[in-house]
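*Asks:* One structure follows; several queries about it will come next.
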Amino acid sequence: MQHIPVLYKEVMRYLEPHAAGKYVDGTVGSGGHARGILQSSGPNGMLLGLDIDPCAVNVARRTLEAFGERAILKKLSYVEMDKCVSDMGWYKVDGIILDLGLSSPQLDEPQRGFSFNLEGPLDMRFDTTEEFMADEIVNKWSQNKIAKILYELGEEKQSNRIARALVNERPIETTAQLAQIVSNCKRHSKVGRHLATKTFQALRMAVNKEIDNIINVLPKALEILVPGGRLAIIAFHSLEDRLVKRFFRQESQDCLCPTEQITCVCGHHATITRVNRRPIRPTDREITTNRRSRSARLRVAEKI
Ligand SMILES: C[S@@+](CC[C@H](N)C(=O)[O-])C[C@H]1O[C@@H](n2cnc3c(N)ncnc32)[C@H](O)[C@@H]1O
């Protein structure tokens with residue numbers, strides 16, 4: 001059975017892929033969104049699919065095999081998409097999708113260390129060719145430094161308490177051990193949520209420098225869009241979604257001077273229009289069939 005990615009219909013509706021169009025899927029994963037883009041942009045639309053996870057690129061290659069040379073896949077960070085597009089001689093593209101976060105195959109593979117429900121090593125790298133892993137943070141970083149990322153990236157209110165417990169319990173070797181230590185020291189959590197959710201999120205984001213990557217890719221993605229081209233971004237938690245929302249708001253304004261400034265001195269001109277002001281959420285039906293979609297939010301901007 002074909003895997004249907006999160007907010008699939010909505011991404012297709014808003015990206016409006018068309019024949020002869022050029023598209024970038026910056027987080028190609030298993031190739032679900034990419035396949036939809038290639039199907040809708042036949043017979044000659046092209047897609048550049050990027051992923052920093054070498055396993056994901058292999059899976060996407062199999063998913064998109066039938067499209068032949070219309071699908072170009074590279075193991076590369078989406079932060080490099082502008083350079084890659086220019087190296088390929090494409091210059092500009094008609095649409096870009098970024099489906100942030102981790103994929104189901106990554107979460108379900110114990111050896112990748114992303115899941116608090118599965119026993120695995122403290123890894124959490126998207127890019128398995130990098131050396132930096134969650135193990136280094138958990139077992140080597142200072143208590144203060146750990147508390148800071150738990151608070152800032154996990155929005156974990158009990159960050160100090162957890163950081164202290166982690167440092168006291170060293171060495172910590174597995175995800176199961178980590179999840180247990182966090183659960184033991186936390187007072188409470190939102191009903192239905194594992195007590196270690198925020199800790200795992202923060203560690204994953206720190207290992208993969210996810211916030212820096214999002215901040216860096218946003219202007220580059222706009223830069224390579226043709227006028228009328230669209231950028232669609234799916235975020236899975238408020239921190240990422242806030243960055244996208246603020247960037248889209250700023251880029252859709254003609255002047256960024258403080259309100260007390262009577263005449264504009266910044267000279268900023270809007271580069272996009274926001275296609276949707278409020279984020280698009282999965283339907284109840286999608287959430288029932290795919291629980292992991294429940295926190296997804298899609299924002300779409302169109303280049304002026
Ligand atoms: C939610 S999945 C994408 C699923 C995909 N839309 C599909 O249809 O199967 C996110 C993917 O982004 C990849 N990723 C994370 N950070 C990345 C980066 N900086 N550059 C490229 N890919 C990245 C992950 O390895 C993962 O495969």
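*Asks:* Say whether the condition of being modelled with pLDDT under 95 and not in a helix (DSSP H, G or I) is met by at least one residue in the range 202-213. Before you say what the answer is, go through the steps one by one.
*Replies:* Our first condition is that a residue be modelled with pLDDT under 95; within the range 202-213, this holds for none.
Within the range 202-213, none of the residues are modelled with pLDDT under 95 and not in a helix (DSSP H, G or I).
*Asks:* Among the residues of the range 111-140, write down those that are in a helix (DSSP H, G or I), surrounded by fewer than 22 Cβ atoms within 10 Å (Cβ to Cβ) and touching a residue at least 60 places away in the same chain (Cβ under 8 Å). Spell out how you get there, then give the answer.
*Replies:* Pass one, the range 111-140, residues in a helix (DSSP H, G or I): 111-112, 134-140.
Right, trim to surrounded by fewer than 22 Cβ atoms within 10 Å (Cβ to Cβ) and you get 111, 135-137, 139-140.
Selection gives ILE137 alone.
*Asks:* Considering only residues that are in contact (Cβ under 8 Å) with a residue 40 or more places away in the chain, within 19 Å of VAL11 (Cα to Cα) and part of a helix (DSSP H, G or I), which ones fall in the range 218-267?
*Replies:* ALA221, LEU222, GLU240, ASP241, VAL244, LYS245, PHE248
*Asks:* Sort out which residues of the range 56-81 are surrounded by fewer than 18 Cβ atoms within 10 Å (Cβ to Cβ) and in a helix (DSSP H, G or I), and write them in order of number.
*Replies:* Listed by number, the residues that qualify are ASN58, ARG61, ARG62, GLU65, ALA66, GLY68, GLU69, ARG70, GLU80.
*Asks:* In the range 74-96, what residues are over 13 Å from LYS22 (Cβ atoms) and either basic (Lys, Arg) or in contact with an Asp or Glu (Cβ under 9 Å, 6 or more places away or on another chain) (or both)? Lay out the reasoning, then the answer.
*Replies:* Step one: of the range 74-96, the residues over 13 Å from LYS22 (Cβ atoms) are 74-80, 82-83, 87.
Within the range 74-96, LYS74, LYS75, LEU76, SER77, TYR78, VAL79, ASP82, LYS83 meet the criteria.
*Asks:* Could you list, in sequence order, the residues of the range 23-49 that are near the ligand (Cβ under 7 Å from one of its atoms) and of a type in the set (D, E, K, R)?
*Replies:* Of the residues in the range 23-49, the ones near the ligand (Cβ under 7 Å from one of its atoms) are 25-34.
Within the range 23-49, just ASP25 meets the criteria.
*Asks:* Which one of these does ILE52 not meet: (1) within 12 Å of the ligand (Cβ to nearest atom); (2) within 23 Å of THR283 (Cα to Cα); (3) surrounded by fewer than 24 Cβ atoms within 10 Å (Cβ to Cβ)?
*Replies:* (2)
*Asks:* How do the pairs read when you match residues in the range 7-27 that are over 22 Å from GLU69 (Cβ atoms) with residues anywhere that are in a loop (DSSP other than H, G, I, E, B) and within 13 Å of the ligand (Cβ to nearest atom), using Cβ under 8 Å and keeping only pairs 6 or more apart or on different chains?
*Replies:* Between residues of the range 7-27 that are over 22 Å from GLU69 (Cβ atoms) and residues that are in a loop (DSSP other than H, G, I, E, B) and within 13 Å of the ligand (Cβ to nearest atom), the close pairs are LEU7/ALA296; VAL11/PRO5.
*Asks:* Restricting to the range 94-114, give me the number of residues that are within 16 Å of the ligand (Cβ to nearest atom) and within 19 Å of GLY45 (Cβ to Cβ).
*Replies:* Filtering the range 94-114 for residues within 16 Å of the ligand (Cβ to nearest atom) gives 95-109, 111-114.
Right, trim to within 19 Å of GLY45 (Cβ to Cβ) and you get 95-99.
Residues in the range 94-114 being within 16 Å of the ligand (Cβ to nearest atom) and within 19 Å of GLY45 (Cβ to Cβ): 5 in total.
*Asks:* A further question follows. Any idea which residue in the range 115-140 is nearest to the ligand (Cβ to nearest atom), counting only those that are within 18 Å of ALA179 (Cα to Cα) and charged (D, E, K, R)? Walk me through it before giving the result.
*Replies:* Residues of the range 115-140 within 18 Å of ALA179 (Cα to Cα): 115-125, 133-140.
After this cut, where a residue has to be charged (D, E, K, R) as well, the list is 119, 123, 125, 135-136, 140.
Working: GLU119: 22, ASP123: 13, ARG125: 9, ASP135: 19, GLU136: 19, LYS140: 23 Å.
Filtering first and then ranking leaves ARG125.
*Asks:* Among the residues of the range 9-26, how many are surrounded by fewer than 24 Cβ atoms within 10 Å (Cβ to Cβ), of a type outside the set (Asp, Glu) and modelled with pLDDT of 95 or more? First the steps, then the outcome.
*Replies:* Keep residues of the range 9-26 that are surrounded by fewer than 24 Cβ atoms within 10 Å (Cβ to Cβ), which gives 9-10, 12-14, 16-22.
Now drop any that are not of a type outside the set (Asp, Glu), which leaves 9, 12-14, 17-22.
Imposing the further condition that a residue be modelled with pLDDT of 95 or more reduces the set to 9, 12-14, 17-19, 21-22.
Summing the residues that are surrounded by fewer than 24 Cβ atoms within 10 Å (Cβ to Cβ), of a type outside the set (Asp, Glu) and modelled with pLDDT of 95 or more in the range 9-26 gives 9.
*Asks:* Okay, moving on. Among the residues in the range 72-79, are any more than 9 Å from the ligand (Cβ to nearest atom), in contact with a Lys or Arg (Cβ under 9 Å, 6 or more places away or on another chain) and farther than 20 Å from ASN290 by Cβ? Before the answer, list the steps.
*Replies:* Here is the first cut: in the range 72-79, the ones more than 9 Å from the ligand (Cβ to nearest atom) are 72-74.
Going one step further and asking which of them are in contact with a Lys or Arg (Cβ under 9 Å, 6 or more places away or on another chain), we end up with 73.
Add one more test, that the residue is farther than 20 Å from ASN290 by Cβ, and what stays is 73.
Yes: one or more hits.
*Asks:* Looking at ARG299, ARG278 in this structure, which one is under 22 Å from ILE37 (Cβ atoms), not hydrophobic (A, V, I, L, M, F, W, C) and not in a helix (DSSP H, G or I)? Write out each step before concluding.
*Replies:* On the way: ARG278 fails: under 22 Å from ILE37 (Cβ atoms).
Only one candidate qualifies: ARG299.
The values are calculated or read from the model by the stated rules, or taken from the named source; none is laboratory data. Computed from a predicted model, the values in this text were never measured in an experiment. Glycine gets a Cβ as well: all are built from the backbone with ideal geometry, and neighbour counts include every protein chain shown.
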